[in-house]
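Participant: Questions regarding the structure given below will be posed in turn.
The values are calculated or read from the model by the stated rules, or taken from the named source; none is laboratory data. Since the structure is predicted, the reported quantities are computational estimates derived from the model, not experimental observations. No Cβ is skipped: glycine too gets one built from the backbone with ideal geometry, and neighbour counts run over all protein chains shown. For the accessible areas, the whole protein counts, side chains as well, though only heavy atoms, and no ligand, DNA or RNA atoms are used. Shrake-Rupley method; radii C 1.70, N 1.55, O 1.52, S 1.80 Å.
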Amino acid sequence: QVQLEESGGGLVQPGGSLRLSCAASGSILRIFAMGWYRQAPGKQRELVARITSGGTTLYADSVQGRFTISRDNAKNTVYLQMNSLKPEDTAIYCCNIHRWGGEDWGQGTQVTVSS
């Protein structure tokens, strides 16, 4: 069984920054990709950013240039540095991993951008 522990969400003013972390633990043989998705009230879940084991990254157009995804393979941890946050970034952010044997989701962490 695999557990994903997320941290770093919270309330921030527009223009501010937050850093999310997601650490995977348990029976993990190999992680192929790690990523962050978000879901705002009344909207569908969307991909925010994704990073492969080799370091290839993918970003949603709406966060390109403001968010940076990174990972520590030795710690099975993925990070999302979010800068220049906007009110429209308000959502529940969930960690996702694709690993040997399946896919796992975190429970989510709330990010609220408001003055």
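Participant: Can you tell me which residue is farthest from Thr52 (Cα to Cα) among those in region 84-102 that are modelled with pLDDT of 95 or more and open to solvent by 70 Å² or more (accessible area, probe 1.4 Å)?
Facilitator: Pro87
Participant: Additional query: Cβ-Cβ distance below 8 Å, separation of 6 or more or different chains: which pairs start in region 89-115 with a residue that is more than 18 Å from Ser70 (Cβ to Cβ) and in contact (Cβ under 8 Å) with a residue 60 or more places away in the chain and end on one that is open to solvent by 30 Å² or more (accessible area, probe 1.4 Å) and acidic (Asp, Glu)?
Facilitator: Pairs that qualify, where the first residue is more than 18 Å from Ser70 (Cβ to Cβ) and in contact (Cβ under 8 Å) with a residue 60 or more places away in the chain and the partner is open to solvent by 30 Å² or more (accessible area, probe 1.4 Å) and acidic (Asp, Glu), are Gln107/Glu6; Gly108/Glu6; Val113/Glu88.
Participant: Which of (1) under 15 Å from the mean Cα position of the chain (by Cα); (2) open to solvent by 50 Å² or more (accessible area, probe 1.4 Å) does Tyr59 not meet, given it meets every other one?
Facilitator: With (1) under 15 Å from the mean Cα position of the chain (by Cα); (2) open to solvent by 50 Å² or more (accessible area, probe 1.4 Å) applied to Tyr59, the lone miss is (2).
Participant: For the structure I just gave you, tell me whether Ile31 is touching a residue at least 12 places away in the same chain (Cβ under 8 Å), over 12 Å from the mean Cα position of the chain (by Cα) and crowded, with 18+ Cβ neighbours inside 10 Å.
Facilitator: Working: touching a residue at least 12 places away in the same chain (Cβ under 8 Å): yes; over 12 Å from the mean Cα position of the chain (by Cα): yes; crowded, with 18+ Cβ neighbours inside 10 Å: yes.
Taking the combined requirement at face value, the residue satisfies it.
Participant: Could you list, in sequence order, all residues of region 103-115 that are open to solvent by 70 Å² or more (accessible area, probe 1.4 Å) and of a type in the set (Asp, Glu)? Please lay out each step first, then the result.
Facilitator: Pass one, region 103-115, residues open to solvent by 70 Å² or more (accessible area, probe 1.4 Å): 103, 105, 107, 110, 115.
Matches in region 103-115: Glu103 only.
Participant: Show the residue pairs that are 6+ apart or on different chains and have beta-carbon atoms under 6 Å apart, the first residue being within region 35-64 and under 13 Å from Thr90 (Cα atoms), the second being among the basic types (Lys, Arg).
Facilitator: Tyr37/Arg45; Gln39/Arg45; Val48/Arg38
Participant: Output the residues belonging to region 65-83 that are free of Cβ contacts under 8 Å to residues at least 12 places away in the same chain and open to solvent by 70 Å² or more (accessible area, probe 1.4 Å).
Facilitator: At the first step, the residues of region 65-83 found to be free of Cβ contacts under 8 Å to residues at least 12 places away in the same chain are 65, 72, 74.
Answer for region 65-83, where residues must be free of Cβ contacts under 8 Å to residues at least 12 places away in the same chain and open to solvent by 70 Å² or more (accessible area, probe 1.4 Å): Gly65, Ala74.
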